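Laboratory data are not the source of any read-out in this text; all were calculated from the coordinates shown. Here the structure is a predicted model, which means the values were calculated and not measured. Every residue, glycine among them, receives a Cβ derived from its backbone with ideal geometry; neighbour counts consider all protein chains shown.
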Amino acid sequence: MNLQRRKFIKAVALSLGVIACAPGLAIASSRASKGLKNLFSNDFEIGTVVGPELLINPKKELLEIVKRDFGVLTTENIFKWENIHPTDGHWNWVYADEFVAFGKSHDFVLHGHPLLWHSQIPVGVFHERKDKPLNRNALLAKLESHVSTIADRYKGAITSWDVVNEAFEDDGSLVQNRWLQTVGPDYIHLAFRAARAADSRATLIYNDYNLWKPEKRDRVVQLIREFKAKQVPIDAIGIQGHIGLDYPDLSHLSAAISAFAREGVRVHLSELEVDVLPSPSRDGLPSYDLALDPYRENLPDSVSLAQAKRYEELFKVLLKHRDSIDRVTIWGVTDDQSWKNDFPIEGRTNHALLFDRDQRPKPAYHAIAALKS
Ligand code: XIL
């Protein structure tokens with residue numbers, strides 16, 4: 001057995017309590033207490049997402065974990081149109097301002113997500129009144145004012161922005177959303193120009209899922225080239241990274257990182273987690289089924305170890321690309337917070353993150369930390 005493999009088994013065995021009194025215990029606990037952000041400080045920043053539960057009256061243990069392990073914060077839903085701009089002319093700045101104040105007082109780098117998306121947005125945005133859709137000029141004006149109002153307000157406080165989120169389908173075609181249908185395909189360019197006009201220094205990111213799929217990856221490479229040709233500002237690509245135990249093939253992820261880096265932009269892994277539940281069949285709408293929710297009571301050790309191995313393999317790939325990657329954000333802290341408990345099927349018990357429901361670091365956490373010991 002090689003040294004890496006032995007180290008991995010020891011780290012996960014310790015975290016499962018399998019060899020509780022083994023000589024490595026002190027090493028493992030000091031490793032954990034150093035914090036992931038410090039362990040990876042020469043490689044890339046490590047981030048997580050937070051919501052109002054952390055900003056307003058946080059549980060002490062959770063706050064301690066976030067401060068120890070993560071250096072960059074993203075908000076999970078606060079900047080989404082439906083929350084921050086629920087109706088025309090009405091802005092809800094309370095939580096966003098709180099996020100910025102919290103970041104400042106605890107010394108976090110802040111990432112904003114997202115300025116423009118077609119999901120979690122009120123339908124009223126696209127209409128002048130019921131049954132009367134806005135025309136191109138009016139919708140474009142609204143897009144520009146939404147993007148620039150937010151980017152301008154948080155200039156200097158939010159370091160990077162997902163300017164446009166999820167504009168492409170897996171086959172590389174544009175998502176048929178209201179922005180495309182009314183403004184046209186250059187809505188993506190216009191959003192980036194508006195963001196740059198409002199904030200000359202923030203890192204501007206195009207963010208999407210499944211970017212390891214070759215058709216989608218190549219379309220985003222083409223987008224970067226279009227941007228460069230037309231002098232539209234773009235600094236980085238955000239690869240979301242909602243992965244599972246057996247998808248995707250990590251060599252495809254590696255190829256995508258290389259492809260974006262070759263175009264001269266930076267890469268962020270923006271929304272990582274490792275789903276451990278069975279995937280629903282692709283036919284029809286997924287509905288709840290007990291057979292698709294096998295770990296309601298607890299996560300069996302064998303699956304926990306498989307997940308640790310998967311996180312470890314993933315981080316090995318990321319470390320290989322450390323010169324191209326600026327940030328790796330895990331999409332949540334403890335398993336109970338993960339959106340994967342409700343997606344793509346509502347009401348399951350998933351275990352996708354690095355900390356369990358009692359705020360204890362999981363084997364996955366130790367496997368990642370062990371890479372930097
Ligand atoms: C998810 C949030 O985590 C959930 O709380 C919310 O209900 C739905 O959106 N891609 C994205 C994120 O860019 O904004 C999504 O976040 C997950 C998929």
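Short version: ³J(HN,Hα) in whole Hz for each residue of the stretch 226-243, in order, from phi by Karplus 6.51 cos²θ - 1.76 cosθ + 1.60 (θ = phi - 60°), x for Gly and Pro, what are they?
Each residue's phi maps through the Karplus curve to give 4, 4, 4, 4, 9, 6, 8, x, 8, 10, 7, 10, x, 8, 4, x, 7, 10 Hz.
Quick one: among Glu273, Glu297, Glu128, which has the greatest mean-square fluctuation in a GNM of the chain with alpha-carbon springs under 10 angstrom?
Checking each option, the largest mean-square fluctuation is seen for Glu297.
Identify which of Tyr288, Tyr311, Tyr187 has the largest mean-square fluctuation in a Gaussian network model of the chain, with springs joining Cα atoms closer than 10 Å.
Largest GNM mean-square fluctuation: Tyr288.
Have a look at the DSSP beta bridges in the chain and tell me what percent are antiparallel, nearest 5.
Once the DSSP bridges in the chain are tallied, antiparallel ones form about 10 percent.
Taking H placed 1.01 Å from N in the peptide plane, check which residues at least 5 places from Leu134 or on another chain put their amide H under 5 Å from its amide H.
His127, Glu128
Residue by residue through the stretch 354-368, which ³J(HN,Hα) values in whole Hz follow from phi under the Karplus form 6.51 cos²θ - 1.76 cosθ + 1.60 (θ = phi - 60°), with glycine and proline marked x?
Running phi through 6.51 cos²θ - 1.76 cosθ + 1.60 with θ = phi - 60° gives 8, 10, 7, 6, 9, 6, 8, x, 8, x, 4, 4, 5, 5, 5 Hz.
Which ³J(HN,Hα) values in Hz, rounded to whole numbers, follow from the phi angles of the stretch 136-144 under the Karplus curve 6.51 cos²θ - 1.76 cosθ + 1.60, where θ = phi - 60° and Gly and Pro get x?
4, 4, 5, 5, 4, 4, 5, 4, 5
Identify all aspartates and glutamates with a Cα-Cα distance to Lys309 below 19 Å; exclude those on the same chain that are fewer than 8 residues away in sequence.
Asp246, Asp249, Glu271, Glu273, Asp275, Asp301, Asp335, Asp356
Taking the chain as a Gaussian network, Cα atoms linked when under 10 Å apart, which of Gly51, Gly332, Gly184 shows the biggest mean-square fluctuation?
Looking only at Gly51, Gly332, Gly184, the largest GNM fluctuation is found for Gly184.
Mind checking the angle between helix 25-34 and the chain's longest principal axis? C-alpha axes, 0 to 90 degrees, to the nearest 10.
For 25-34 against the chain, the angle is about 20 degrees.
At 1.002 mPa s and 20 °C, plugging the Kirkwood radius over alpha-carbon pairs of the stretch 270-345 into Stokes-Einstein gives what diffusion coefficient in µm²/s?
148
Among the lysines, which have Cα under 29 Å from the Cα of Lys316 when same-chain residues fewer than 8 positions away are ignored?
Hits, sequence-local ones excluded: Lys7, Lys10, Lys34, Lys37, Lys67, Lys213, Lys216, Lys340, Lys362, Lys372.
Would you mind computing, in nm to one decimal, how far apart the modelled labels at Asp358 and Ser251 are, each placed 7 Å from Cα along Cα→Cβ?
Those two pseudo-labels are separated by 4.2 nm.
Rounded to the nearest 10 degrees, what's the angle between the helix 94-106 long axis and the longest principal axis of the chain, both from Cα atoms, 0 to 90?
Once rounded, the angle reads 50 degrees.
So if we plug the beta-carbon distance of Glu169 and His106 into 1/(1 + (r/R0)^6) with R0 = 51 Å, what FRET efficiency do we get, rounded to 0.05?
Taking R0 as 51 Å, the efficiency between Glu169 and His106 is 0.85.
With r as the distance between the Cβ atoms of Gln222 and Gln181 and R0 = 22 Å, compute the FRET efficiency 1/(1 + (r/R0)^6) and round to 0.05.
Efficiency, from the Cβ-Cβ distance: 0.60.
Bin by bin, in steps of 10 Å, what percent of the Cα pairs in the stretch 105-182 do you find, going until the bin that has the longest distance?
Once binned at 10 Å, the Cα pair distances of the stretch 105-182 give 16, 42, 30, 11, 2.
Rg (Å, one decimal) plus Dmax (Å, integer) for the alpha carbons of the stretch 214-294?
16.6, 52
Under the rule of at least 5 residues apart or a separate chain, name every residue whose amide H is placed under 5 Å from the amide H of Ile46.
Excluding prolines and chain starts, which carry no amide H, the hits are Gly71, Val72, Val328.
Once each part is reduced to its C-alpha centroid, what is the distance from the stretch 334-373 to the stretch 157-219 in angstrom?
Here the two parts' Cα centres lie 28 Å apart.
Sort out for me the Cα centre separation of the stretch 232-304 from the stretch 37-96, rounded to whole Å.
Between the Cα centre of the stretch 232-304 and that of the stretch 37-96, the gap is 21 Å.
Using a Cα-Cα cut-off of under 12 Å, which aspartates and glutamates could be cross-linked to Lys230, ignoring same-chain neighbours fewer than 8 residues away?
The qualifying aspartates and glutamates are Asp186.
If I model a spin label at Asn38 and Ala306 as a point 7 Å from the Cα along the Cα→Cβ vector, what separation in nanometres do I get?
Between Asn38 and Ala306, the label points sit 3.5 nm apart.
If I take every Cα pair under 8 Å that is 6 or more residues apart in the chain, average their sequence separation and divide by the length, what percent do I get for the relative contact order?
Over the chain, the number comes to 18 percent.
What's the Cα-based Rg to Rh of the stretch 46-120, Rh via Kirkwood?
0.99
As I understand it, the value is the acute angle between the Cα axis of helix 301-320 and the longest principal axis of the Cα atoms of the chain; what does it come to in degrees, rounded to 10?
On a 0 to 90 degree scale, this one is about 60.
Evaluate the stretch 235-373: find the radius of gyration of its Cα atoms, find its Kirkwood radius, and give the ratio Rg to Rh.
Taking Rh as the inverse mean 1/r over Cα pairs, Rg/Rh reads 0.99.
What Rg and what Dmax come out for the stretch 329-373 when only alpha-carbon atoms are used, in angstroms?
In Å, with Rg to one decimal and Dmax whole: 11.5, 38.
Taking a cut-off of 19 Å, what percent of all Cα-Cα pairs in the stretch 90-221 are separated by more than that?
I get 54 percent for the Cα pairs in the stretch 90-221 exceeding 19 Å.
What value does the stretch 142-280 have for Rg/Rh, both radii from Cα atoms and Rh as Kirkwood defines it?
Ratio value, two decimals: 0.98.
Only four residue types carry charge here, +1 at the Cβ of Lys and Arg and -1 at the Cβ of Asp and Glu. Report the dipole size of the chain about the Cα centre in Debye, rounded to the nearest 20.
Computed about the Cα centre, the dipole is about 1140 debye.
Stokes-Einstein D for the chain at 25 °C, 0.890 mPa s, Kirkwood Rh over Cα pairs, in µm²/s?
The diffusion coefficient I find is 114 µm²/s.
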